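Here is the structure we will look at.
The values are calculated or read from the model by the stated rules, or taken from the named source; none is laboratory data. This is a predicted model, so every value here is computed, not measured. Here Cβ is always computed from backbone atoms with ideal geometry, including for glycine, and neighbour counts include all displayed protein chains. We work out accessible area using only protein heavy atoms, side chains counted, and drop any ligands, DNA or RNA first. Shrake-Rupley method; radii C 1.70, N 1.55, O 1.52, S 1.80 Å.
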Amino acid sequence: MSEDARVPPSAPEGPDAAEPRLDQKIAGTSRPYVIGLRAAGLGTIFLTLAGTLAVGHFIKAPCVHGDWSDGRPFTRLCSTDIVQLLQHEQLTGSRLPYLDRCSGGSGPCDEYPVLMMWTLRLTSWASGPDDTQFFYWNAILLWLAAFWITLTLYQLVGSRALYFAAAPTLAIYATHNWDLLAVLLGVAGTAAYL
């Protein structure tokens, strides 16, 4: 056997030498994180996320339409803050959060952080006074945030972004309130730092 056969191949140089992902740096390997026999690609992870969000919509749909007097949010796991806040936050008119006073009402007003209140204001302008349209405008925004979070996680940790995309809690809470906006900012900030 020649001495050349025992020398390990050198790392690629030039344009083919890519910076290893964060998961590869931590593990100290150049192999991608493997699920089963092969790594999950971004398309597979996006399809999983779409399925998770579809299941979540199926869970929330009974509470998006109609009156809640039958107690269904508490018996069907379909409760969502989005539907009620169009009225509670007085967003059906032209009131601007934190700039215009709240009229006397039964519930809290301007209770969410400024960025989220202005997100509500923008989606209420798009939806008008209809609670169902308000829910769907906000749901679309939150679903886009979930895809952006997944993409950022995939860039950071590869196939392990599947843990987020397939999480049962994501199905239940993606459209419960606006937490995904805060998660998006947190993940984007972490990615920018790393």
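For the structure I just gave you, tell me whether Gly158 is open to solvent by less than 70 Å² (accessible area, probe 1.4 Å), without any contact (Cβ under 8 Å) to a residue 12 or more places away in the chain and either of a type in the set (Gly, Ala, Ser) or assigned to a loop (DSSP other than H, G, I, E, B) (or both). The answer is no for Gly158.
The numbered conditions (1) under 27 Å from Ala161 (Cα atoms); (2) hydrophobic (A, V, I, L, M, F, W, C); (3) assigned to a helix (DSSP H, G or I) are all true for Leu85 except (1). Against the conditions (1) under 30 Å from Thr75 (Cβ atoms); (2) assigned to a helix (DSSP H, G or I), Glu111 satisfies every one except (2).
Scanning region 45-101 for residues that are modelled with pLDDT under 85, open to solvent by 80 Å² or more (accessible area, probe 1.4 Å) and under 20 Å from the mean Cα position of the chain (by Cα) turns up just one, Leu77. Mind checking whether some residue in region 14-21 is open to solvent by less than 100 Å² (accessible area, probe 1.4 Å), modelled with pLDDT of 85 or more, in a loop (DSSP other than H, G, I, E, B) and of a type in the set (Gly, Ala, Ser)? No: region 14-21 contains no residue that is open to solvent by less than 100 Å² (accessible area, probe 1.4 Å), modelled with pLDDT of 85 or more, in a loop (DSSP other than H, G, I, E, B) and of a type in the set (Gly, Ala, Ser).
Being in contact with an Asp or Glu (Cβ under 8 Å, 6 or more places away or on another chain) and at negative phi holds for only one residue in Pro168, Pro113, Pro129, Pro97, and it is Pro97.
The single condition from (1) open to solvent by 40 Å² or more (accessible area, probe 1.4 Å); (2) at pLDDT 75 or above; (3) more than 24 Å from the chain's Cα centre (by Cα) that Gly128 fails is (1).
Being surrounded by fewer than 13 Cβ atoms within 10 Å (Cβ to Cβ), of a type outside the set (Lys, Arg) and under 19 Å from Leu180 (Cα atoms) is the requirement here; does Leu115 meet it? Yes; evaluated as a whole, the condition is true for this residue.
Every condition in (1) farther than 22 Å from Pro62 by Cα; (2) assigned to a helix (DSSP H, G or I); (3) hydrophobic (A, V, I, L, M, F, W, C); (4) in contact with a helix residue (DSSP H, G or I) (Cβ under 8 Å, 6 or more places away or on another chain) holds for Leu91 except the one numbered (2). All of (1) touching a Ser or Thr at 6+ places or on another chain (Cβ under 7 Å); (2) surrounded by 16 or more Cβ atoms within 10 Å (Cβ to Cβ); (3) without any contact (Cβ under 8 Å) to a residue 60 or more places away in the chain hold for Ala171 with one exception: (3).
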